[in-house]
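Worksheet for the structure shown next.
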């Protein structure tokens, strides 16, 4: 189901009503079943795959929690590799085959690829989080009841925010009554999300799409307007969906992570990434950047780790070279900002309001250039970016 449709609105109203009418002990099973139906509605065969994966990860998590010594680590690796391998098979098979084609002399493209399950990236990220944290001892292995709802909680099923089990599980055991404040806050957040999506993102999209698709037909200033429009579109689209998810969860008395915190008003690229798709940024930090070594092994290694992490972040958004380049671009931008921080020293964190304003404008334009790499293939992006930067007429 798509959030901004009457079908979802009807489904949500029925589900919320049933949830609060049922005795407390039946609410979690009922919400889990509703999550399964929500997923089944999109493409029934993939529900079987998700249920199977969920059961396998649940089983591996239990073994990781009980095992000792090297066996514990081997089971963790098996669970993570299996989860990520499923993601690669469904989402990146064609991309990897095209990369390998020149090396093995095979033709690129024109192959039948499996249909990727809806939201498979979000499932895999939560699987990996759960397995790693069980291994670290952050929490003990879950019951199937708790883990099932964590994975199949439908407000966050297909577009996040990416949840953390240690924050979500206690809410499953809170026996409460319908709270008018939660209902009011949830409905308000849903309305804000719908307004962002339908009154801004969907209205702007038709105007900026042709500009970015056929840049040779437009002037430099029209290109900038198209890029600004896309910046608005993607923010109001992503944050609108997040608002609807957060508001929907609130109607059941659940609180899930925030995802956006005025990212276009941040004075530098590091602050931007702490405010944009925050649940994804924190996941990449905790499960890619820090395991690679983070900043513990000196500035050079930290710079490399940022490049790798942000390139993977780009590929998470889509299986195409331009997504990888978009991620690499942001990795380079983050490294340049860290170099600036080291050069400026303690003063980097204290800026006059005018300096901050310049930083906000500059950061927004750095991000806008990146959006060209995000939305366009590399050939088209190469036609647009030099013109935006006055490097070509």
**OP:** Determine the pairs where a residue that is surrounded by 16 or more Cβ atoms within 10 Å (Cβ to Cβ), located within the range 343-370, has a partner that is at pLDDT below 80 with Cβ atoms under 9 Å apart, the partner being 6 or more residues away or on another chain.
**Re:** 359/351
**OP:** Please work out which one of (1) free of Cβ contacts under 8 Å to residues at least 60 places away in the same chain; (2) closer than 21 Å to residue 44 by Cβ; (3) surrounded by fewer than 23 Cβ atoms within 10 Å (Cβ to Cβ) is the condition residue 118 fails and give its number.
**Re:** (1)
**OP:** Answer with yes or no whether residue 32 is closer than 30 Å to residue 180 by Cβ, assigned by TED's automatic domain parsing to the domain that holds residue 149 and buried (at least 18 other Cβ atoms within 10 Å of the Cβ).
**Re:** yes
Original post:
In the range 334-393, which residues are over 28 Å from residue 321 (Cα atoms) and not in a helix (DSSP H, G or I)?
Top reply: 350, 351, 352
Subject >> Only one of 160, 186 that is assigned to a helix (DSSP H, G or I) and buried (at least 18 other Cβ atoms within 10 Å of the Cβ) >> reply: 186
Original post:
Which of the residues spanning the range 302-338 are out of contact with any helix residue (DSSP H, G or I) (no Cβ under 7 Å at 6 or more places or on another chain) and over 19 Å from residue 292 (Cβ atoms)?
Top reply: 318, 336
Original post:
Only one of 273, 316 is farther than 29 Å from residue 358 by Cβ, crowded, with 18+ Cβ neighbours inside 10 Å, out of contact with any strand residue (DSSP E or B) (no Cβ under 9 Å at 6 or more places or on another chain) and not assigned by TED's automatic domain parsing to the domain that holds residue 125; which?
Top reply: 316
Original post:
Which condition number in (1) crowded, with 21+ Cβ neighbours inside 10 Å; (2) in contact (Cβ under 8 Å) with a residue 24 or more places away in the chain is the one that residue 226 fails?
Top reply: (2)
**OP:** Show the residue pairs that are 6+ apart or on different chains and have beta-carbon atoms under 6 Å apart, the first residue being within the range 377-393 and without any contact (Cβ under 8 Å) to a residue 24 or more places away in the chain, the second being surrounded by 17 or more Cβ atoms within 10 Å (Cβ to Cβ).
**Re:** 385/372
**OP:** Report those helices (runs of 4 or more DSSP H) wholly inside the range 22-119 carrying at least 2 residues which are modelled with pLDDT of 90 or more, within 30 Å of residue 1 (Cβ to Cβ) and out of contact with any strand residue (DSSP E or B) (no Cβ under 6 Å at 6 or more places or on another chain).
**Re:** 24-42, 44-66, 69-87
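Condition test on residue 199, is it free of Cβ contacts under 8 Å to residues at least 24 places away in the same chain, assigned by TED's automatic domain parsing to the domain that holds residue 224 and part of a helix (DSSP H, G or I)?
Values: free of Cβ contacts under 8 Å to residues at least 24 places away in the same chain: yes; assigned by TED's automatic domain parsing to the domain that holds residue 224: yes; part of a helix (DSSP H, G or I): yes.
In short, yes.
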Subject >> Condition broken by residue 216, with the remaining ones in (1) modelled with pLDDT of 95 or more; (2) surrounded by fewer than 20 Cβ atoms within 10 Å (Cβ to Cβ) satisfied >> reply: (1)
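Among the candidates 267, 263, single out the residue that is buried (at least 20 other Cβ atoms within 10 Å of the Cβ) and either under 21 Å from residue 336 (Cβ atoms) or modelled with pLDDT of 95 or more (or both).
Among 267, 263, only 263 is buried (at least 20 other Cβ atoms within 10 Å of the Cβ) and either under 21 Å from residue 336 (Cβ atoms) or modelled with pLDDT of 95 or more (or both).
The values are calculated or read from the model by the stated rules, or taken from the named source; none is laboratory data. Note that this is a predicted model, so its numbers are computed, not measured. Note that each Cβ is placed from the backbone with ideal geometry, even for glycine, and that neighbours are counted across all protein chains shown.
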